[in-house]
Ligand SMILES: *Cc1c(COP(=O)(O)O)cnc(C)c1O
C-alpha cells in the first residue's frame with residue numbers, strides 16, 4: 001500500500017494523537033494557486049474556518065492570501081496573523097453586534113450580508129461608529145452542488161443567503177441606509193465539490209443576476225464566488241494538490257465580469273486539506289465474532305468528519321508492511337458513531353502501530369473538542385520536525 005511521506009523516526013516520543021502538517025505540501029498548493037490567480041488577476045481569501053493553526057496561517061499569510069471569516073474570533077485571528085484588514089471578508093448568517101463592530105473598527109474589506117435585518121443592523125452600528133461599511137449581498141443562487149446535503153448551501157431551502165425573490169426589496173433598502181455601501185455580490189454553493197459543472201452552473205447564474213443590477217445601473221465592484229473546491233480524499237498521495245487550473249479556468253471561461261470588476265474566491269479545504277494528517281496509535285486489536293476492530297487512541301473529538309458527515313479519510317498503517325487485513329477502525333469515545341472506517345483494508349496491525357488519517361488538514365484540528373474530558377490534540381509541522 002502506497003503511503004505518505006512521514007518522518008516516523010521523529011514521531012517517536014511524541015504523545016499521540018497529534019496533527020502533523022506537511023508545510024511543503026501547503027507551500028506547493030499555495031504556489032499553484034498563486035500561479036493561477038496572478039495569471040487571471042483573481043483574489044483568494046482563505047476560509048479560516050477550515051484551519052487556524054498559527055504555523056499554517058503564517059505560511060498562508062506569507063503567500064499573500066486574504067481571509068474569509070465567519071465569526072469575530074476568526075476576524076481577530078486573521079488580524080493577529082498579520083493578514084491585512086483590506087483582504088478580510090466577513091460572512092455568516094448570525095453576526096452578533098460585537099462581531100460587526102470588530103469588523104467596522106478594523107475597516108475590513110467587506111461584510112457579506114445574508115439578510116435585510118442584518119443589513120439594517122450593520123447600517124445602524126456603522127452610523128454609531130461614524131463608519132461606512134462595505135457590503136456584498138450573499139445571494140442564494142439556487143444551484144445544486146451535488147455534494148453531501150449537510151454541506152450544500154446554495155439551495156433555496158438553506159438558511160444561508162438572500163433568495164432571488166427577495167432581491168428587489170433588498171436593493172430597495174440601500175436608498176434609506178446611508179452607512180452601508182454595496183460593493184459586491186457573494187455566492188457560495190457548498191463544499192467538497194469536484195464536479196466542475198456545478199461551478200459552471202454558478203457562473204451562468206451569476207451572469208443572469210448581474211443583468212439585474214446592470215439594468216438598474218447599479219455598479220458592482222466585485223463578485224465573490226465563495227469556495228467549495230474539493231480534494232481527493234481517496235488518493236492523497238497521487239493528488240496532493242487539487243486541480244486549480246481547471247477550477248479557475250471555469251470562472252475565466254464562463255463568468256462575465258464587468259469592466260474593472262474583480263473576482264474573489266474563498267477557498268478553505270482546497271488550500272489546507274491535503275497538508276494535514278492526524279497521527280494516532282493503535283491501542284488494541286479486538287477480535288469480534290465476525291470482525292476485527294483496530295481501536296485507536298484518536299476519536300471523533302480529534303477528527304469529527306467521519307462521525308459528522310460519514311466522510312472518508314484514507315488510513316495508513318505507518319509501522320507495518322504486513323499482508324492487508326480488514327478492520328473496523330474505531331476510536332475510544334463512548335458513542336457508536338466514533339468510527340473512522342468500517343471494513344477497511346490496511347497492513348496487518350498490532351498494538352503500538354502509528355496510524356495516519358490522511359487529508360485531515362481542513363475541518364480537522366479546528367473542530368476538535370474535549371468531549372469525554374479528552375485532551376485537545378497538539379500539532380507539529382514538517383518545519384519543526386526536521
Ligand atoms: C465554508 C465556507 C467557505 C469555504 O468552503 P471550502 O469548501 O472549505 O472551500 C467559503 N465561503 C463561505 C461563505 C463558507 O461558509
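Scanning segment 179-205 for residues that are more than 13 Å from the ligand (Cβ to nearest atom) and under 16 Å from the mean Cα position of the chain (by Cα) yields a total of 0. I'd like the full set of residues that are farther than 19 Å from residue 114 by Cα and either within 16 Å of the ligand (Cβ to nearest atom) or surrounded by 18 or more Cβ atoms within 10 Å (Cβ to Cβ) (or both), limited to segment 206-235. 229, 230, 231, 232, 233 - these are the residues of segment 206-235 that are farther than 19 Å from residue 114 by Cα and either within 16 Å of the ligand (Cβ to nearest atom) or surrounded by 18 or more Cβ atoms within 10 Å (Cβ to Cβ) (or both). Quick check on residue 278: is it within 16 Å of the ligand (Cβ to nearest atom) and within 28 Å of residue 68 (Cα to Cα)? It is false that residue 278 is within 16 Å of the ligand (Cβ to nearest atom) and within 28 Å of residue 68 (Cα to Cα).
Screening segment 140-167 for residues that are modelled with pLDDT under 70 and not in a loop (DSSP other than H, G, I, E, B) and picking the one that is farthest from residue 111 (Cα to Cα) gives 149.
Checked against the criterion of being more than 15 Å from the ligand (Cβ to nearest atom), within 18 Å of residue 277 (Cβ to Cβ) and surrounded by 22 or more Cβ atoms within 10 Å (Cβ to Cβ), segment 81-94 has no qualifying residue. Based on this model, can you work out whether residue 55 counts as surrounded by fewer than 22 Cβ atoms within 10 Å (Cβ to Cβ), over 24 Å from residue 159 (Cβ atoms) and in contact with a strand residue (DSSP E or B) (Cβ under 6 Å, 6 or more places away or on another chain)? So residue 55 fits the description; yes. Hey, residue 103 hits all of (1) over 18 Å from residue 49 (Cβ atoms); (2) outside any loop (DSSP other than H, G, I, E, B); (3) more than 20 Å from the chain's Cα centre (by Cα) but one; which does it fall short on? Only one criterion is unmet by residue 103, namely (1). Answer yes or no as to whether residue 121 is within 22 Å of the chain's Cα centre (by Cα), surrounded by 15 or more Cβ atoms within 10 Å (Cβ to Cβ), modelled with pLDDT of 95 or more and outside any loop (DSSP other than H, G, I, E, B). Considered against the rule, which asks whether it is within 22 Å of the chain's Cα centre (by Cα), surrounded by 15 or more Cβ atoms within 10 Å (Cβ to Cβ), modelled with pLDDT of 95 or more and outside any loop (DSSP other than H, G, I, E, B), residue 121 comes out as no. Within segment 38-50, being within 15 Å of the ligand (Cβ to nearest atom) and either over 14 Å from the mean Cα position of the chain (by Cα) or not assigned by TED's automatic domain parsing to the domain that holds residue 263 (or both) holds for 42, 43.
Whether any residue in segment 293-316 is over 25 Å from residue 368 (Cβ atoms) and at pLDDT 95 or above is what I want to check. No, segment 293-316 contains no residue that is over 25 Å from residue 368 (Cβ atoms) and at pLDDT 95 or above.
Within segment 195-204, being surrounded by fewer than 19 Cβ atoms within 10 Å (Cβ to Cβ) and touching a residue at least 12 places away in the same chain (Cβ under 8 Å) holds for 195, 196, 200, 204.
The values are calculated or read from the model by the stated rules, or taken from the named source; none is laboratory data. Small disclaimer: the values here were computed from a predicted structure and weren't measured. Backbone-built Cβ (ideal geometry, glycine too); neighbour counts: all protein chains shown.
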